[in-house]
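The values are calculated or read from the model by the stated rules, or taken from the named source; none is laboratory data. Every value quoted in this text rests on a predicted model; they were computed, and no experiment measured them. Positions of Cβ are generated from backbone atoms using ideal geometry, with glycine treated the same way; all protein chains shown enter the neighbour counts.
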Amino acid sequence: MLYECTHCGAPLDVRAPGSVVQCNYCSRSQRIASGQTGMMPTPASWRPPPFWTPPPQYYAYVPPQPLVYHAPAKAAGCAVGLVLIPVLLFTGGLAAYLLAGKTSPFEQSWDGKTTLTCNGQMKISGVRMPSKLPKAVLATEVCQLEISDSELIADTVIEAGGAAKVTIKNSTLIATDTAVVADLGSRVDLQGVTIRVGEGRPSLDGTTGLRADAGAVIDAHDLTMSFGGSGPVGTAVAVDARVAGKVSLTNATIRGPYKVRVDMLGQIDVTSSKLRAEVEGDASHVRGIEVVSPPAPPSTAASSPSTAPPPPAKQPRSAPAPKPSPTPKPAPAPTVKKINPCGCKSGDLNCSLRCNQR
Ligand SMILES: [Zn+2]
């Protein structure tokens, strides 16, 4: 039967009700109840689509962008031909050790030319990605990954889920859209990491620095995060904690037009840092950030009535204000990804499938 994932709406090929399956797109596990909605017989020619664009009703669980198909870890034989997880699917450190002849069983080599998919124990250092990928690192299941002294470039740089534990040390993450996404109880530690987000984009709207979702934890020490190049348009979300996700920042510097967001018992804790930001959501779940009001429209920006006016915005000394470009271009239309325009309802897997195949 084809069954609709309850978290992202993707079609999952399952044998029978009563079984527990892990979604090949969003990695969440779920039990298939009999009489479940969204079931249909699996067509004979069925192949899982390489990407799944979740319908809007799942945005509470998954980001509004295509999810990549991950072949089931134990079914490598079936995965032949599903070329989306190339080259570096290591299932254990020892095998890689024997193949690579490295000094430690967990030292790995990675050339940075394809997405690093981690579901075992891996240790990487000194990688400079030659060009941007849609995703640099995908950490799933029992992945324990350490990356140090590297420079990673991607639309989404780090994506962790399942029980993955990822540590990044002394490295630079350059993201077009999102630097780090930790989901579903995973953990990402950042130590001495520099993050740059949104450079080259027409707008920072829709960009995210760190997002912890569904009980995941992101813990950053000595973090420097900046958004956009010169004269950016829009507002980035520097930190996003939702569904009991937690983000802790110690000694963090964040530059650029940004806000923070908390939703559904998300928690943001900041210590040893001087951050001021607009808070979207319940500000009582944000500690250590001076909360500011949303920016006023440009025409009235100069007035700040009644309450004590905030101190003038200070640029950190280490970061001179970027010069505005000499000939400012008109603000381009915001880049909104075209997302499942069919309006399929939950349970209407047929509609959703057709929509994704267009
Ligand atoms: Zn799913």
Report task. Identify, from the list Thr208, Thr176, Thr172, the residue that is in contact with an Asp or Glu (Cβ under 8 Å, 6 or more places away or on another chain), of a type in the set (Ser, Thr, Tyr) and crowded, with 22+ Cβ neighbours inside 10 Å. Result -> Thr208
Query raised in the report: Residues Phe51, Phe90: which one is modelled with pLDDT of 80 or more and within 23 Å of the chain's Cα centre (by Cα)?
Result: Phe51
Report task. Can you give me the number of residues within segment 44-62 that are within 13 Å of Val243 (Cα to Cα) and touching a strand residue (DSSP E or B) at 6+ places or on another chain (Cβ under 7 Å)? Result -> 0
Query raised in the report: All but one of (1) on the phi > 0 side of the Ramachandran plot; (2) in a strand (DSSP E or B) hold for Val239; which doesn't?
Result: (1)
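Please indicate, with yes or no, whether at least one residue in segment 299-311 is of a type in the set (Gly, Ala, Ser) and modelled with pLDDT of 60 or more.
No.
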Query raised in the report: Can you pull out the residues in segment 179-192 that are part of a loop (DSSP other than H, G, I, E, B) and crowded, with 24+ Cβ neighbours inside 10 Å?
Result: Ser186
